[in-house]
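Structure first, commentary second.
Each reported figure results from applying straightforward, stated rules to the coordinates on display, with no laboratory input. From a predicted model like this one, the values you see are computed outputs, not experimental measurements. Using ideal geometry, Cβ is built from the backbone for each residue, glycine included, and neighbour counts are taken over all protein chains shown.
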Amino acid sequence: MLTMLFAYILSVVVIIAAIMYFLSHRKNNYSQLYADAIRNENNGNYETAINNYKSVMAEILNQRTQKILKGKVAEKIKTLEAMLEYENRFQEHNA
């Protein structure tokens with residue numbers, strides 16, 4: 001009887017630990033996307049960076065957290081879109 005109780009408690013603890021691991025791993029998904037977006041922005045891949053930032057925004061909205069990061073990402077998207085528009089107009093003007 002005592003061994004069955006111990007096995008039951010152990011299995012519950014393992015299941016809870018696995019759930020917490022997967023939830024914490026999912027929460028950090030946006031941080032990798034954000035790092036990729038910054039890397040693409042620094043390399044001059046603005047369109048890819050915009051797509052990465054939009055993915056970060058979607059992750060943040062799904063989790064309903066990180067209000068400060070949400071504002072920063074929205075500002076980055078606006079800035080990069082304005083920059084792309086400026087570059088496109090400049091290229092059209094010089095063509």
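Overview of results
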read-out	value
Count of segment 34-48 residues which are assigned to a helix (DSSP H, G or I) and either under 13 Å from residue 81 (Cβ atoms) or not hydrophobic (A, V, I, L, M, F, W, C) (or both)	9
Matching entry among 51, 62 (being in a helix (DSSP H, G or I), over 24 Å from residue 88 (Cα atoms) and of a type in the set (S, T, N, Q))	62
Members of segment 37-53 that are of a type in the set (D, E, K, R) and surrounded by fewer than 14 Cβ atoms within 10 Å (Cβ to Cβ)	39, 47
Selection status of residue 76, part of a helix (DSSP H, G or I) and free of Cβ contacts under 8 Å to residues at least 24 places away in the same chain	no
